[in-house]
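Below: one structure, written as structure tokens.
The values are calculated or read from the model by the stated rules, or taken from the named source; none is laboratory data. Keep in mind that what you see is a predicted model, and the values were worked out from it rather than measured. Virtual Cβ from ideal backbone geometry, glycine too; neighbours counted across all protein chains shown. We work out accessible area using only protein heavy atoms, side chains counted, and drop any ligands, DNA or RNA first. Shrake-Rupley method; radii C 1.70, N 1.55, O 1.52, S 1.80 Å.
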Amino acid sequence: MYRTNLTQFLDDTVTAYPERAAVIDGETVLSFRRLKGRALKLASLVAERLGEQKKHVAAVFVPKGADSVTADVAIAYSSNAFINLDIKHPEQRFRNIFENVRPDLLITRRDVADRILAVDGDIPVLYIEDSDAMPDPDTARIQELLERRDGCLDTDLLCVINTSGSTGTPKGVAGHHRAFIDLIESEVRRGELDDTHEILASIVPCVFDRHIFEVCLMMMRAATLLIVPEQFAAFPVRILELIVRHKATFLFWTPTLMVNIANMDLLSRIPLPSLRKIWFGGEVFPTAKFNYWRRYLPQVMFVNSYGPTEVLIHCAHYVVDRELRDDEPIPIGRALPNREILLIDEEGRQVKQGEEGEICVRGICLAAGYYNSPEKTAAAFVQNPLNSAYPEQLYRTGDIGMLNEWGELVFKGRRDTLIKHMGYRIELGEVEHVITGRLEAVRNCCALYNYAEKKITLFYESPEALDERDLRTRIGGILPLYMVPAAYVHMTEMPRNTNGKIDRLSLKQRLERSIQSV
């Protein structure tokens with residue numbers, strides 16, 4: 001059968017591995033058989049509430065874990081799309097999301113429902129505990145659900161993923177089944193995924209696209225999701241101990257956490273022999289810190305993945321297969337099958353090898369657009385400027401890249417972090433990469449440009465404030481004078497956004513406030 005819905009793969013997984021753990025969430029362990037049973041009960045209620053028409057969006061408001069995974073799978077079984085909400089977010093963000101997406105149904109738990117119902121008390125609600133207390137649906141009802149599900153197209157939506165733009169206002173990326181199915185099948189064909197039983201240490205919030213990839217990998221490849229408790233985020237030792245205890249094999253993490261672990265030299269004390277695959281992405285991984293991980297985990301396949309949410313997880317990756325100098329950037333690599341990356345200049349022409357251009361993506365990976373936002377969709381998902389013969393959409397990422405001597409794509413920065421300073425063209429990401437990689441005292445950093453005073457400002461993370469004169473001198477020893485920051489702001493901990501990256505928007509707003517107060 002040609003599969004058009006992720007839950008069709010889950011049906012086969014349940015048949016093959018009914019008692020294998022699908023989700024490990026503290027003391028709660030859901031086998032694949034139990035996950036499917038819970039999901040079908042909830043799916044029958046979802047379908048009853050939303051009616052026969054497909055393509056509704058249901059919001060999920062529960063802590064990440066067994067309940068959130070069950071809800072996501074249930075909504076997919078009901079032939080509708082889910083949007084995950086982070087229960088820790090402020091009320092105003094929920095209001096912004098609801099105003100934009102306008103979900104038709106809310107799935108939650110009674111112990112957390114008050115916060116979201118304060119935003120919209122009129123939305124229809126289903127409580128997971130009520131579904132669990134119900135008897136299993138009869139065979140006829142389940143068959144009706146599955147027949148309806150099997151009538152889906154692979155271009156139907158699986159999910160809506162919130163991502164913040166430069167203004168901080170959420171945009172809902174509309175993700176369809178086809179992109180997720182093709183991504184995992186492409187990775188299997190290339191050998192980056194195989195028949196090994198993977199146990200994923202899942203640390204990203206449920207609102208993040210990478211977590212949805214993990215859920216898809218669970219359904220399609222019988223992987224086990226090991227939920228890392230949220231409170232462990234501040235205690236990397238406990239995360240590594242959890243990996244050891246459950247013999248996790250796979251990490252798909254943001255480099256920030258990996259940098260922190262390297263800074264604390266934890267891998268020298270806590271061996272991780274079960275790990276076989278580590279994928280990372282979402283931000284630049286300072287190569288010196290990456291080399292630390294590679295030195296202690298020689299058995300691991302390391303993969304640098306690239307792709308904004310709009311290309312549904314990633315469109316390119318680089319399997320690290322050679323030694324990299326500490327000052328050498330880790331390549332993005334090459335496009336995955338059924339995807340193409342074009343480097344386009346400001347005149348809409350394709351650049352040559354060694355020249356920089358905007359990374360633009362075409363292929364099966366593109367999201368359907370931004371939910372309920374046709375103007376934003378039209379601005380980002382545009383006609384391929386290299387093709388005037390017929391309509392062909394590509395996504396403009398806003399990232400700058402170039403092809404190196406091996407023909408590998410290298411990330412050079414963002415259009416909005418490229419500045420002109422003292423007559424020089426500077427990529428602020430390069431400043432950050434060098435400082436974080438070469439100065440042990442600086443755990444993380446973020447470079448921003450003060451246009452009013454024409455100064456590069458460095459926000460840096462360290463246990464204690466560093467002597468500014470000494471810091472400037474040390475940076476001047478590894479960067480040209482024109483790239484050395486002129487102002488320094490000490491932070492014991494950098495602000496993070498929902499996916500664990502440094503919150504550049506928050507720091508930019510702080511810088512703007514400091515300028516206005518002068």
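If you check GLY398, GLY357 for being at positive phi and small (Gly, Ala, Ser), only one passes: GLY398.
Residues considered: PHE208, PHE213. Of these, the only one that is modelled with pLDDT under 95 and farther than 18 Å from ARG443 by Cβ is PHE208. Yes or no: region 463-472 includes at least one residue that is open to solvent by 40 Å² or more (accessible area, probe 1.4 Å), in a loop (DSSP other than H, G, I, E, B), farther than 29 Å from ASN304 by Cβ and touching a Phe, Trp or Tyr at 6+ places or on another chain (Cβ under 8 Å). Within region 463-472 (the criterion being open to solvent by 40 Å² or more (accessible area, probe 1.4 Å), in a loop (DSSP other than H, G, I, E, B), farther than 29 Å from ASN304 by Cβ and touching a Phe, Trp or Tyr at 6+ places or on another chain (Cβ under 8 Å)), the answer is yes, since at least one residue qualifies. If you go through region 257-282 and keep only what is open to solvent by 10 Å² or more (accessible area, probe 1.4 Å) and touching a Gly at 6+ places or on another chain (Cβ under 9 Å), you end up with LEU257, GLY282. Is it fair to say ILE116 is surrounded by fewer than 24 Cβ atoms within 10 Å (Cβ to Cβ) and hydrophobic (A, V, I, L, M, F, W, C)? Yes: the conditions hold for ILE116. Out of GLU432, GLU427, one residue alone is closer than 22 Å to ARG325 by Cα, free of Cβ contacts under 8 Å to residues at least 40 places away in the same chain, of a type in the set (D, E, K, R) and open to solvent by 10 Å² or more (accessible area, probe 1.4 Å). It is GLU427. Would you point out the residue of region 442-462, among those that are aliphatic (A, V, I, L, M) and part of a loop (DSSP other than H, G, I, E, B), that is most open to solvent (accessible area, probe 1.4 Å)? Ranking the candidates gives ALA452 first.
The set of residues in region 147-171 that are out of contact with any Lys or Arg (no Cβ under 8 Å at 6 or more places or on another chain), open to solvent by 30 Å² or more (accessible area, probe 1.4 Å) and either under 21 Å from ALA59 (Cα atoms) or assigned to a helix (DSSP H, G or I) (or both) comprises GLU147, ASP150, THR169. Per the listing ALA174, ALA201, the residue uniquely in contact with a helix residue (DSSP H, G or I) (Cβ under 8 Å, 6 or more places away or on another chain) and in a strand (DSSP E or B) is ALA201. Can you confirm whether ALA43 is part of a helix (DSSP H, G or I) and touching a helix residue (DSSP H, G or I) at 6+ places or on another chain (Cβ under 7 Å)? Here the answer is yes, as ALA43 does meet what is asked. From the list MET258, MET219, the lone residue that is touching a helix residue (DSSP H, G or I) at 6+ places or on another chain (Cβ under 7 Å), of a type in the set (A, V, I, L, M, F, W, C) and at pLDDT below 95 is MET258. Residues considered: ASP467, ASP416, ASP503. Of these, the only one that is over 31 Å from the mean Cα position of the chain (by Cα) and over 19 Å from ASP327 (Cα atoms) is ASP467. Just give me the residues in region 177-198 being surrounded by fewer than 24 Cβ atoms within 10 Å (Cβ to Cβ) and in a helix (DSSP H, G or I), in sequence order. Correct list: ARG178, ILE181, ASP182, ILE184, GLU185, SER186, GLU187, VAL188, ARG189, ARG190. Taking region 203-226 as the range and being open to solvent by 10 Å² or more (accessible area, probe 1.4 Å) and farther than 17 Å from CYS159 by Cα as the test, the residues that pass are ILE203, ARG221.
Name the residues in region 13-51 that are without any contact (Cβ under 8 Å) to a residue 40 or more places away in the chain and crowded, with 23+ Cβ neighbours inside 10 Å, would you? Scanning region 13-51 gives LEU35, LYS36, ALA39.
Among strands (runs of 3 or more DSSP E) entirely within region 327-410, having at least 2 residues that are open to solvent by 60 Å² or more (accessible area, probe 1.4 Å) and under 21 Å from LEU183 (Cβ atoms) singles out 393-403. Under the condition of being part of a loop (DSSP other than H, G, I, E, B) and more than 23 Å from LEU226 (Cα to Cα), which residue from region 252-297 is farthest from the chain's Cα centre (by Cα)? Ranking the qualifying residues of region 252-297, first place goes to SER268.
Of all the listed residues (PHE98, PHE9), the sole one being of a type in the set (A, V, I, L, M, F, W, C), within 15 Å of ILE161 (Cα to Cα), open to solvent by less than 50 Å² (accessible area, probe 1.4 Å) and under 23 Å from the mean Cα position of the chain (by Cα) is PHE98.
Selection of region 64-75 for residues being in contact (Cβ under 8 Å) with a residue 40 or more places away in the chain and either farther than 21 Å from LEU226 by Cα or surrounded by fewer than 23 Cβ atoms within 10 Å (Cβ to Cβ) (or both) yields only GLY65. In this structure, is ALA140 of a type in the set (Gly, Ala, Ser) and open to solvent by less than 10 Å² (accessible area, probe 1.4 Å)? So ALA140 fails the test.
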